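For reference, the structure discussed in these notes is given below.
The values are calculated or read from the model by the stated rules, or taken from the named source; none is laboratory data. Please read these numbers as outputs of a predicted model, since none were measured by experiment. Quick reminder, even Gly has a Cβ in these numbers, built from the backbone with ideal geometry, and neighbours come from all protein chains shown.
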Amino acid sequence: MTINPDKACALAQDIENNVSEVIVGKNKTIRLLLIALTAGGHVLIEDVPGIGKTTLVTALARSLDLDFARIQFTPDVMPSDVTGYNIFDQKTGDFTFKPGAIMTQILLADEINRTSPKTQSALLEAMQENQVTVDQTTYELPQPFMVMATQNPIEQQGTYVLPEAQLDRFMFRMTLGYPTAKEEINIMSRFSSENPIDNLLPVAASADVIWLRDQARQVYVADAIKVYITNLAQQTRRHPDVELGASPRASLMLLQAAKAAALLSGRDYVIPDDVQSLLHYVFDHRLIIRAEGRLRGADAGSIIESLKETVQVPAQR
């Protein structure tokens, strides 16, 4: 397959413009979601209630014309609600599989940290291997598949901290932030008479997303870029204030995301800026800071910034 960055860039711009018909002033966030989608990754959006997390995910799903399911996580949601379950049919004497919410292409895991860790873990196999296993039977998930989860800050009442294994499955963690005064006025004007998402039409289909993913795999990555990503990950593991550094999965996800970012920028090769622009979103939620480090004011963001300054950047040719 011949790589066509210009076509990929134009397709991404069409999707971004369509989502922007609903979402005001969040072009960077929309682009990050498209990068994750193209790279085959999952996204965790963390912010306070009422910011528009659910609306953003819904708008993206409608723009792509993909099968979409939403599961509202609460303390009483069970793992079988996510993966599905077998039910006995008295007429046939056999068990019939009833698919759960995860049997879709885009899954909105809304307020994922309001359910128990047992239910959260039902997503692990699906997010890593694109399959679920129920009663020793494995079911493949439809492609393309992507989990976009939202969560409230852990300081909010009734939340559970996501375990490290779950966080490591997410390619990106991001926040939306409050809109500016001008953007907030625009939001009120846009949503005052009707919900614009009701009239949103798709501009891409499953085949387009699969094509984008195939294109991203062909983006060229120089050995120097791979060494750069490896050095960044290694330094997180050696940092005196870090108890748990970036995993090899994090390095691979950073590479995949950089390739997707290059493609959607109209290039067929990765440059160091692609890596640096995504470093926080890939590494931030994976670093666990030592208690003594936190007492000194260290956090994941400041440590990542120091890595960007100290790890040698490969020269561009």
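What the table below lists for this structure:
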| item | result |
| --- | --- |
| Near pairs, Cβ below 9 angstrom, 6+ apart or cross-chain, from the range 78-94 (touching a residue at least 40 places away in the same chain (Cβ under 8 Å)) to any residue that is among the hydrophobic types (A, V, I, L, M, F, W, C) and surrounded by fewer than 16 Cβ atoms within 10 Å (Cβ to Cβ) | 84/97; 85/78; 85/97; 86/95; 86/97 |
| Matching entry among 48, 43, 77, 57 (being of a type outside the set (S, T, N, Q) and more than 24 Å from residue 285 (Cα to Cα)) | 77 |
| Residue list for the range 229-245, restricted to those being within 24 Å of residue 269 (Cα to Cα) and surrounded by fewer than 20 Cβ atoms within 10 Å (Cβ to Cβ) | 230, 231, 234 |
| Residue within the range 142-153 that is within 18 Å of residue 281 (Cα to Cα), in contact with a strand residue (DSSP E or B) (Cβ under 9 Å, 6 or more places away or on another chain) and loosely packed, with under 13 Cβ neighbours inside 10 Å present | yes |
| Among the residues listed as 287, 254, the single one being buried (at least 21 other Cβ atoms within 10 Å of the Cβ) and modelled with pLDDT under 95 | 287 |
| Members of the range 188-216 found to be exposed (fewer than 14 other Cβ atoms within 10 Å of the Cβ), not polar (S, T, N, Q) and not in a loop (DSSP other than H, G, I, E, B), listed by number | 188, 198, 207, 210, 214 |
| Any strands (runs of 3 or more DSSP E) falling wholly within the range 41-108 and containing at least 3 residues that are touching a Lys or Arg at 6+ places or on another chain (Cβ under 7 Å) | 43-46, 84-89 |
| Cross-chain or 6+ apart pairs with Cβ under 8 Å, the range 23-37 first and touching a residue at least 24 places away in the same chain (Cβ under 8 Å), then of a type in the set (Asp, Glu) and part of a helix (DSSP H, G or I) | 24/183; 25/183; 30/16; 31/16; 34/16 |
| Hits in the range 101-126 (condition: of a type outside the set (S, T, N, Q), farther than 19 Å from residue 58 by Cα and crowded, with 18+ Cβ neighbours inside 10 Å) | 114, 122, 123, 126 |
| In the range 259-281, the residues that are touching a Gly at 6+ places or on another chain (Cβ under 9 Å) and surrounded by 21 or more Cβ atoms within 10 Å (Cβ to Cβ) | 260 |
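Table: residues versus (1) free of Cβ contacts under 8 Å to residues at least 60 places away in the same chain; (2) closer than 23 Å to residue 46 by Cα; (3) in contact with a Pro (Cβ under 8 Å, 6 or more places away or on another chain).
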position: 164; (1), (2), (3): no, yes, no
position: 168; (1), (2), (3): no, yes, no
position: 179; (1), (2), (3): no, yes, no
position: 190; (1), (2), (3): no, no, yes
position: 205; (1), (2), (3): no, no, no
